[in-house]
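Nothing in this text is a laboratory measurement; each read-out follows from the coordinates by a stated rule. Computed from a predicted structure; not experimentally measured. No Cβ is skipped: glycine too gets one built from the backbone with ideal geometry, and neighbour counts run over all protein chains shown.
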There are 4 protein chains.
Amino acid sequence: MLLQIDHHSGVPIYRQLINQVRRQIMAGQLVEGEQLISVRELADQLRVNPMTVSKAYALLEVERLLERRRGIGLFVAGIEKEHGARTKTRLLKETLEKAVLTAVQFGIPQRKVGEMLAELYTKYNSQTRSRSNE
Amino acid sequence: MLLQIDHHSGVPIYRQLINQVRRQIMAGQLVEGEQLISVRELADQLRVNPMTVSKAYALLEVERLLERRRGIGLFVAGIEKEHGARTKTRLLKETLEKAVLTAVQFGIPQRKVGEMLAELYTKYNSQTRSRSNE
Amino acid sequence: MLLQIDHHSGVPIYRQLINQVRRQIMAGQLVEGEQLISVRELADQLRVNPMTVSKAYALLEVERLLERRRGIGLFVAGIEKEHGARTKTRLLKETLEKAVLTAVQFGIPQRKVGEMLAELYTKYNSQTRSRSNE
Amino acid sequence: MLLQIDHHSGVPIYRQLINQVRRQIMAGQLVEGEQLISVRELADQLRVNPMTVSKAYALLEVERLLERRRGIGLFVAGIEKEHGARTKTRLLKETLEKAVLTAVQFGIPQRKVGEMLAELYTKYNSQTRSRSNE
DNA sequence: GTGGTCTAGACCACA
DNA sequence: GTGGTCTAGACCACT
């Protein structure tokens, strides 16, 4: 699991962790039943206080994305399909919103944005495919 | 000036303001010598405490991006900016890239992303128009 | 707001707080829009670390029972009727479950339990009524 | 022996065990000299780690409520108990009182509470029966 | 004044 | 070994 913290972004560390782990789960990079890096180990890796990691994990547990097994560790929970789809849409919308806001602020016409989108989509989609063929 | 505050992102409001104003200046959307919306008015628009706006402006002044003219208001300072369509396109592309990456990771088809884009575009574009009619 | 902590029950303090505040909100003792005792003040009252109180409040915010207004304080959120009813039923069921378990363990027939229930119901219900007439 | 563990209550499992066993002994439901279910078997029944059961038993032994006979097992010790139907009724009433108080606070009608009671009664009663048929 | 975040370090519960 | 809870105390963000 690759996680990165930006100490200067102003975004609380535990929130950065939540966002990254949530995204990995939604993207299927962390699969159901998989055990997460332990609180202490992740805290060591990131040079962060264990409580900070623990807080992030705890909130993901409240979100039902993680499951705790006492004395063993934390695991990726089984997400219901429908719930998963809704979360994905929500997350995508958030990022897309920023892009659109930028475009509107700059007065860039929707047509142009659509073209850029298509271009980028092709680019990343083909990368994914070629990667999955490796 | 179109600014958007997200109260739930965990990013301090004054930082959100700074980032957005700074970006608009760098992209030449706010031009040198242009007067900024007053603290009070912006605070009203965004339903935010005036102190918060004031703080953002003050920090942008420290950054030398803004100039305070006593008794009159704040103005965009004369500094090196990145001009032109190329800069705007670059900035837009950066945000759009994140959105596309998310979509591809989640396996959301381009068609759906296009629809969401159009929807959001309409939403923000109409906001701008109605505001510019006031 | 009357809150009590039992340091010897083994139940985490923040959970005791959550349960008591949630119950007061559901029972209408804390009404929508009402401001809660501040973290620091409650921490002082209960001779407990502020972070412990803060944690309880934060989780109630995640539950959407509380609303935070930055720099001002925490307030009781407006709960949707349907959601409120479901929560009430859930909480009642939890307490009722313990009672039934006790009854079954002791081999007390359902008929007898029903009688005791009716008796207690009459007793407390009339208390409430007479109180509301004061 | 009917024991119920709630993994989400935050109350340590060994404490839940202690409380329930102690109550059964005090109510005379587990009588003096009676042998307790073995650690292993109880752990299996409750899907809990044997160490946890063992710890609960050990602490009840310290309390002098249980007696260990080496190589044989654990037995209910000869101590002062509260006997009889009166005790059972009292203990039941205490738990039932909490449930009724909750219901009245929430304004839930007695009829509804009666229905929930019946439902739960059936649920736990049938569990006991099916288990006693094993 | 309000709440939020983080740390260092202690101790508990569970496997 | 795992995660959970709590403390004391520092500093930040916001009104």
Average silhouette area of the protein assembly as shown, convex hull of alpha-carbon atoms, in square nanometres:
35.4 nm²
Taking segment C:6-134, the whole-percent share of alpha-carbon pairs separated by over 25 angstrom is 42 percent
Mean ellipticity per residue at 222 nm, deg cm²/dmol - from DSSP H runs of n ≥ 4 across chain C, formula -39500 (n - 2.57)
-21500 deg cm²/dmol
Can you tell me the 0 to 90 degree angle between the C-alpha axis of helix A:110-133 and the longest principal axis of chain A, rounded to 10?
50 degrees
Treating only Lys and Arg (+1) and Asp and Glu (-1) as charged, each at its beta carbon, one finds that the protein assembly as shown has a dipole about its Cα centre, in Debye to the nearest 20, of 240 debye
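Within 10 Å of each residue's Cβ, count the other Cβ atoms and sort A:THR122, B:THR89, D:THR102 from fewest upward. Can you show the working numbers first?
Values: A:THR122 12, B:THR89 17, D:THR102 22.
Exposure proxy ranking, most exposed first: A:THR122, B:THR89, D:THR102.
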Distances in nm from C:ASP44 to the matching label points in the other copies, shortest first (labels 7 Å along Cα to Cβ):
3.8, 4.3, 5.8
Cβ-defined net charge surrounding A:PRO50, 10 Å radius [Lys, Arg +1; Asp, Glu -1]
0
To the nearest 20 debye, what is the magnitude of the charge dipole of chain C about its Cα centre, counting +1 on the Cβ of each Lys and Arg and -1 on the Cβ of each Asp and Glu?
200 debye
Relative to the other copies, what are the label-point distances for C:LYS93, with labels 7 Å from Cα along the C-beta vector, expressed in nm at one decimal and sorted shortest first?
2.9, 3.0, 5.5
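Could you sort the peptides C:27-36, D:24-33 by per-residue average Cβ neighbour count (10 Å cutoff), highest mean leading? All intermediate terms of the calculation are to be shown ahead of the outcome.
Working: C:27-36: 13.7, D:24-33: 17.5.
Per-residue Cβ counts within 10 Å, averaged per peptide and sorted highest first, yield D:24-33, C:27-36.
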Is there a simple number for the mean count of other chain Cβ atoms within 10 Å of the Cβ of residues in B:114-121, and what is it?
6
J(HN,Hα) series, segment D:24-41, from Karplus relation 6.51 cos²θ - 1.76 cosθ + 1.60, nearest Hz, glycine and proline x:
5, 5, 4, 7, x, 7, 9, 9, 3, x, 5, 8, 8, 4, 5, 3, 4, 5
Lys, Arg +1 and Asp, Glu -1 on Cβ, resulting dipole of segment A:1-74 about Cα centre, debye, nearest 20
180 debye
Using a 10 Å cut-off around each Cβ of peptide B:22-35, what is the average number of partner chain Cβ atoms that fall inside?
1
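Can you sort D:SER38, C:SER126 by how many other beta carbons sit within 10 Å, fewest first? Let's see the in-between values first.
Working: D:SER38 14, C:SER126 11.
Going from least to most buried by this count: C:SER126, D:SER38.
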Between copies, how close do the A:PRO12 label points come, placed 7 Å along Cα→Cβ, listed in nm from shortest?
1.5, 1.5, 2.9
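What FRET efficiency would be calculated for the residue pair B:ARG69, D:SER38, taking the C-beta separation as r and a Förster radius of 56 Å, to the nearest 0.05?
0.05
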Return the sequence-ordered ³J(HN,Hα) values of segment A:78-92 in whole Hz as given by the Karplus equation 6.51 cos²θ - 1.76 cosθ + 1.60 applied to θ = phi - 60°, using x for Gly and Pro.
x, 9, 5, 4, 4, 4, x, 4, 5, 4, 4, 4, 4, 5, 4
Listed pairs A:LYS93/B:LYS55; A:LYS93/B:LYS93; A:LYS98/B:LYS112; A:LYS81/C:LYS88; A:LYS88/B:LYS98; C:LYS88/D:LYS98 exceeding 19 Å between Cα atoms:
A:LYS93/B:LYS55; A:LYS81/C:LYS88
Just order A:3-11, C:56-64 by mean Cβ neighbour count inside 10 Å, highest at the front, would you?
C:56-64, A:3-11
